[in-house]
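Written out below as structure tokens is the structure these notes cover.
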Amino acid sequence: MAWTTRGTRAVYDNRWISVREDEVTGPAGDGIYGVVEMRHQAVFVVALDRDDRVCFVEVDRYTTGRSIEVPAGGSDGEDPLVAAQRELLEETGLIAASWEPLGRMNALNGIAVAPEHVFLARELSVARDAERSQLEEGIERVMWMPFADALRAVMSGAISDGETVAALAYAGIRLGRFA
């Protein structure tokens, strides 16, 4: 059965998200559906160095507390690759000579319209100190972890951010780590 939207009303708006409430008819009949819509697409960067280590940031999230994540952020309306390059630089102070798009995904597709792009960044070099932007982003530290250890950290729950888990899966598939 297809969903039918009978009406909609804006509930909340800011520069990052909008929230609306839709009157719908769906598989369970009539009801209300809350939808969060991201203003801009997000980007996630799996930055891999020559020693097969992944660059992570440790960030203190208001909603969930401390989290180990790949560098990421909103596109602010820019091309996703440009946004990924900017986010890697802002969050880690790194630039990459090689960029490969790995795929596209949707976050929380049961309640949100939140398209995301995943990139693999390689041939890394230090561009500048990113300490100021790291503090603005809430980044506690930049850390490196061998790819195999990152997968173990996912399994142990040390890495629990859903988009980071998905980005690592995209990279693992592309790199042949799951064959």
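The values are calculated or read from the model by the stated rules, or taken from the named source; none is laboratory data. Predicted model, so just to flag it, every value in this text is computed and none were measured. In this analysis, Cβ positions are derived from the backbone assuming ideal geometry, glycine residues included, and neighbour counts consider all displayed protein chains. Heavy atoms of the whole protein, side chains included, go into the accessibility calculation; ligands, DNA and RNA do not. Shrake-Rupley method; radii C 1.70, N 1.55, O 1.52, S 1.80 Å.
Considering region 1-48, the residues that are open to solvent by less than 30 Å² (accessible area, probe 1.4 Å) and within 30 Å of TRP144 (Cβ to Cβ) include one that is farthest from the chain's Cα centre (by Cα), namely LEU48. Listed by position, the helices (runs of 4 or more DSSP H) enclosed by region 77-179 that each have at least 2 residues that are modelled with pLDDT of 95 or more and either surrounded by 18 or more Cβ atoms within 10 Å (Cβ to Cβ) or among the hydroxyl-bearing types (Ser, Thr, Tyr) (or both) are 80-92, 147-156, 162-174.
Looking at the structure I just gave you, is ILE68 in contact with a Phe, Trp or Tyr (Cβ under 7 Å, 6 or more places away or on another chain) and either assigned to a strand (DSSP E or B) or touching a residue at least 24 places away in the same chain (Cβ under 8 Å) (or both)? Yes; evaluated as a whole, the condition is true for this residue.
For region 17-32, the condition of being closer than 22 Å to ALA166 by Cβ and touching a residue at least 24 places away in the same chain (Cβ under 8 Å) holds for none of the residues. Residues in region 51-65 that are aromatic (Phe, Trp, Tyr) and either without any contact (Cβ under 8 Å) to a residue 40 or more places away in the chain or open to solvent by 100 Å² or more (accessible area, probe 1.4 Å) (or both): TYR62 only. Right, GLY74: open to solvent by less than 60 Å² (accessible area, probe 1.4 Å), out of contact with any strand residue (DSSP E or B) (no Cβ under 8 Å at 6 or more places or on another chain) and over 19 Å from LEU48 (Cα atoms) or not? In short, no.
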